[in-house]
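Worksheet: one structure, shown below.
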Amino acid sequence: MSKPVIHYFPIRGRAEVLRLAIVAGGDDFDVVDVNYQEQKSDREKYPFGQCPRLVDGDIDMVQSNTIARYLARKYKLNGKDEKEMVLVDEIMEGVESLRVKYVNLIYNDKLEEAAKETYWKTYFDKTTSEGRNGGAHMVYLANFLAKNGGKHCVGSGLTIADLCLWEILDLHLRIFEEAVKKEYPELVAFHDHIASLPGIKEYLASPKRLAAPNANSLG
Amino acid sequence: MAPKIIYFPVRGRAEVMKLALAAVEQEFEFVQVDYADMKAHPDQYPFGQCPRLVDGDIDLVQSNAILRYLARHYKLYGKDEKEMGLVDMIMEGVESLRVKYLALVYQEKLADAAMEQHWSTHCDPNNAEHRNGGAHLVFFSRLLQRNAAGGGKAFVGSGLSMADLCVFDIVDLHNRIFPDKMKEVYPELVAFHDHVASLPGIKEYLASPKRVAAVNGNNLG
């Protein structure tokens, strides 16, 4: 059977969780650098003018979170029953809220100092989570993990919720390393545990794990 | 026992879930959220936000997670994996446009210049290839036309799906603030909207007091 193919920019970005899901499922993937012209003009392949795009057999889809859910179903990373499934979904939405803030910090604020300080205070400082943050705060995600025993966000096995949390955490460890280690040691332990899982461990050491997290070389 | 939707007394991010329950003729209870309560109970409001849905032993937040739960439960998710992916994809596209709409309403407060900018960037079909964050009405127009089985009345397959209800809502919101432009530029989306509005269950809901008058929290739109 042919491998799923990810069409994207040559960065981690919004394709990283998809890559993690495929390798966690014991599978492999091919990568095609997206043709930006085609992305903007071919409405059949790119209905929203955006990538990543996944082609897997007769599945051809865009929207990173849709692709993530499809892969979660395919590789049984979506929870074992309805109750787990909704929790996985809920956590994915929470990660998405935080990801939007992260992407803004990287691309609009360009990681400048004052913006980083405000960002930490609003979205990471454990004492400020009752403020206005658009539902984006690391402590909300940490709470799911803590409530579920610390190793996995949902149930007793790996789900795509774990991979989404791992990835957003990984991005923040790169730019707030000391502060995250100090404030969220439990998440650092979780990060290390997930990174050691079969499939993921090999991927993270491979050239398929691209060096650039974002397109503007920041982060 | 009827599912319970807990939210502000506005349409906002609870409207599509109400439409879904109406479409499948499932009664629901509406409970107005207590803001202090929401901020103080992270067990029930893990992100400090609503809407929240309580349905038997399902208790969840995040509007789109709630919609997907309802889609699975009430068979509004397409008939197979391929259709499910398409429903999901369209829901994400609506979400992108919803975020832009919300910025227009809450941050720009529907100021004239901002309205023009929103139409130009996210609605004018001539500008669809520009940078718009994947948020543009014309994408939905094309997706509707692409679904031959739907005949202009459904986005996925030939029956009602959550994708239809999401697009209905975002079109409805744009009809309210750009009534003439929508009719002129997107007659097919307006016709789709009118078709969905006429469906049994939905038609009654739209005429009922459960369809609250306030669209957004700041009385605009």
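Working out 0.36 nm times the residue gap between B:Glu188 and B:Val24, then minus their Cα-Cα distance, what length gain in nm do you get to one decimal?
Working: separation 164, 0.36 × 164 = 59.04 nm, distance 2.46 nm.
Fully extending the segment from B:Glu188 to B:Val24 adds 56.6 nm.
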Cα lying deepest toward the dipole's positive end in chain B, options B:Leu189, B:Met38, B:Pro3, charges on Cβ: B:Leu189
The stretch B:81-199 pair-distance distribution - Cα-Cα, 10 Å bins, rounded %: 14, 48, 31, 7, 0
Per-selection Rg to Rh, the stretch A:13-77 - Cα, Kirkwood hydrodynamic radius: 0.97
Virtual paramagnetic centre 7 Å along Cα→Cβ of A:Ala211, amide N under 11 Å, in the stretch A:1-25: none
Residue-count net charge about B:Asn218 - beta-carbon cut-off 13 Å; Lys, Arg +1, Asp, Glu -1: +1
Set of lysines near B:Lys183 by C-alpha distance (under 21 Å), chain-local residues within fewer than 8 positions excluded: B:Lys100, B:Lys153, B:Lys203
3J(HN,Hα) from dihedral phi, the stretch B:200-213, Karplus parametrisation 6.51/-1.76/1.60, rounded to Hz, x for glycine, proline: x, x, 5, 4, 5, 4, 5, 8, 9, x, 5, 7, 5, 6
Interface burial for B against A (accessible surface, 1.4 Å probe, total of both chains, Å², rounded to 100): 3300 Å²
Under 10 Å, Cβ to Cβ, from A:Ala195 - net charge with Lys/Arg +1 and Asp/Glu -1: -1
Percent accessible area from carbon and sulfur atoms, the stretch B:81-199, protein chains only, probe 1.4 Å: 50 percent
Per-residue mean of C-beta atoms belonging to partner chains within 10 Å, peptide B:40-46: 3
Candidate lysines for bridging to B:Lys210, where Cα separation is under 17 Å - those fewer than 8 sequence places away on the same chain excluded: B:Lys4, B:Lys18
Residues in the stretch A:104-138 that, when all protein chains are in place, have 50 Å² or more less accessible area than the chain alone would give (probe 1.4 Å): A:Glu130
The stretch A:82-196: C-alpha pair distances exceeding 24 Å, %: 21 percent
For the protein assembly as shown, size of Cβ-based charge dipole, Lys and Arg +1, Asp and Glu -1, in debye: 100 debye
Å² of accessible area per residue within the protein assembly as shown, as computed with a 1.4 Å probe and no ligands counted: 42 Å²
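Counting Lys +1, Arg +1, Asp -1, Glu -1, what net charge surrounds B:Glu204 among other residues with beta carbon under 10 Å of its beta carbon? Present the calculation step by step, with values, prior to reporting the outcome.
Details: positive: B:Lys203, B:Lys210, B:Arg211; negative: B:Glu25.
Charge balance in the 10 Å sphere: +2.
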FRET E, pair B:Asn219, B:Tyr74, Förster distance 35 Å, beta-carbon r, rounded to 0.05: 0.65
GNM flexibility winner over chain A from A:Arg53, A:Arg174, A:Arg19 (Cα, springs under 10 Å): A:Arg174
Per-selection metrics, the stretch A:161-204 (Cα): Rg and Dmax in Å: 10.3, 29
Simple spin-label estimate for B:Met1 and B:Lys203 in nanometres, 7 Å along Cα-Cβ: 3.4 nm
Kirkwood hydrodynamic radius over Cα pairs of chain B, then Stokes diffusion coefficient at 10 °C and 1.306 mPa s, in µm²/s: 88 µm²/s
Spatially close lysines, pair count over the stretch A:82-196: Cα under 18 Å, gap of eight or more or interchain: 15
FRET efficiency, 1/(1 + (r/R0)^6) with R0 51 Å, evaluated for A:His193 and A:Glu44 via beta carbons: 0.75
Antiparallel %, DSSP beta bridges [both residues in the protein assembly as shown], to 5: 65 percent
Number of partner chain Cβ atoms within 10 Å, mean per residue of B:47-56: 4
Kirkwood hydrodynamic radius of the protein assembly as shown, Cα pairs, Å: 22.5 Å
Inter-label distance, nm, simple model (7 Å from Cα along the C-beta direction), A:Glu130/A:Glu202: 5.0 nm
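Using the Cα centre as the reference, give the magnitude of the dipole from point charges on the C-beta atoms of the stretch A:41-189 (Lys, Arg: +1; Asp, Glu: -1; all else neutral), rounded to the nearest 20 debye. Before the final figure, lay out each step's value.
On the way: 21 positive and 25 negative charges, 28 e Å.
Once rounded to the nearest 20, the dipole reads 140 debye.
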FRET E, pair A:Asp109, B:Val31, Förster distance 45 Å, beta-carbon r, rounded to 0.05: 0.70
Distance (nanometres) between label positions extended 7 Å along Cα→Cβ at A:Ala179 and B:Arg131: 2.6 nm
Largest-first principal axis extents of the Cα set of chain A (Å): 48, 39, 31
Net dipole in debye of the stretch B:1-71 [+1 Lys, Arg Cβ; -1 Asp, Glu Cβ; about Cα centre; nearest 20]: 320 debye
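The values are calculated or read from the model by the stated rules, or taken from the named source; none is laboratory data. The model shown is predicted, which means the values in this text are computed figures rather than measured ones. Cβ coordinates were reconstructed from backbone atoms using ideal geometry, including for glycine residues, and neighbour counts include every protein chain displayed. All accessible areas refer to the heavy atoms of the entire protein, side chains included, with ligands and DNA or RNA removed. Shrake-Rupley method; radii C 1.70, N 1.55, O 1.52, S 1.80 Å.
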